[in-house]
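Take a look at the structure below.
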Amino acid sequence: MAIDTHHANQQHNPKAYGMKLASLNDDTRDGRLIVVSRDLTRYCAADNIAPTLQAALDSWSDMAPKLEALYRDVEHSAVPCERFHEREAHSPLPRAYQWADGSAYINHVELVRKARGAEVPESFYTDPLMYQGGSDSFLAPREDVPLGDPAWGCDMEGEVAVITDDVPMGVSPEDAAGHIKLIMLCNDVSLRGLIPAELAKGFGFFQSKPPTAFSPVCVTPDELGDAWSGNVIHLPLHVDHNGEAFGRANAGVDATFSLADLIAHAAKTRPLSAGTIIGSGTVSNQDENGGPGKPVSEGGLGYSCIAEIRMIETINDGEPKTPFMKAGDSVRVEMLDADGHSIFGAIEQTVKAV
């Protein structure tokens, strides 16, 4: 189902104030809910409203107005605040009742399946792929990515993700849009060397999908202004690998499915509980000629994962040259607004041998 670019999220109200939320990593399982200033420099504890983000989502209609009021107070310096350090934040939901990742960007699906020698069925263009990931323990946005064996082929995947309230079974894409309460970024780590054998069993990912990390801050759709349209974000996703620009793909371009489409897909046969996280899949753009895209170093928009550039290298040179991540390698995932300011803070991770 292609995105109707003329059909914005019906629930989007450009006059709404919006807000930014985070969870301080306080050595508890679910963190401490805080409201963060728009410029990501200050925060105010919100645990007098809801102790955790999950608690706020469980009663969102009651909690959201109170949290928005606190956000206004933070912006107007009307309440005492403390300095916000992204390194002290956990993923907004340190654990979740559900984490499911979709396939909004078919260019990515085409490339990684070609790398495995697999064809892309026609149904993939109308019926999104989705897998259910481990949600019992996410990595913090500045936490090391553990890697047991370099042969596993550790890869980053830069994505956009949304958090829902309670979603009824059978929801339409149009109504699903109203259940998007918060938006964040994601590094959905993949172990490429383990994927083919797992998929060959015909039962999906498990060992090849280790813990995921999300951005330090999540935001309401209204906080994104005009950049949130058609239930996707129309901004580039910045992915850096070992300190070099690796990907600048625009999350609002080449999306075959919107995040509302993915929610509706997940809820076709079952309801989704408040706190469900739905991912976009790896953000991926074609080049201006409809090709698979060029590296940033060659003037292109690059890639949000290593598997894509390896496929391009195979097409051009007969074999991949860019290695997967090893111990000591780093990845940074961030998104900037039109003025160049970080919206969600940055995921900054280093691979660590374990």
*strands (runs of 3 or more DSSP E) wholly inside region 109-186 that include at least 2 residues being surrounded by 19 or more Cβ atoms within 10 Å (Cβ to Cβ)*: 145-147, 158-164
*Among the residues of region 266-274, is any at pLDDT 95 or above, of a type outside the set (Lys, Arg), assigned to a helix (DSSP H, G or I) and open to solvent by 10 Å² or more (accessible area, probe 1.4 Å)?*
yes
*asked:* Give me the residue from region 40-55 that is in contact with a strand residue (DSSP E or B) (Cβ under 6 Å, 6 or more places away or on another chain) and closer than 16 Å to residue 96 by Cβ and, out of that set, most open to solvent (accessible area, probe 1.4 Å).
replied: 52
*Could you list, in sequence order, all residues of region 229-253 that are open to solvent by 60 Å² or more (accessible area, probe 1.4 Å) and among the acidic types (Asp, Glu)?*
244
_Test for residue 327: is it outside any strand (DSSP E or B), modelled with pLDDT of 95 or more and open to solvent by 10 Å² or more (accessible area, probe 1.4 Å)_ = yes
*Hey, among 309, 315, which residue is under 26 Å from residue 193 (Cβ atoms), of a type in the set (A, V, I, L, M), open to solvent by 40 Å² or more (accessible area, probe 1.4 Å) and modelled with pLDDT under 95?*
315
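The values are calculated or read from the model by the stated rules, or taken from the named source; none is laboratory data. Just so we're clear, the structure is a prediction, and the values are computed from it rather than from any experiment. All Cβ positions, even for glycine, are placed from backbone atoms using ideal geometry, and neighbour counts span all protein chains on display. For the accessible areas, the whole protein counts, side chains as well, though only heavy atoms, and no ligand, DNA or RNA atoms are used. Shrake-Rupley method; radii C 1.70, N 1.55, O 1.52, S 1.80 Å.
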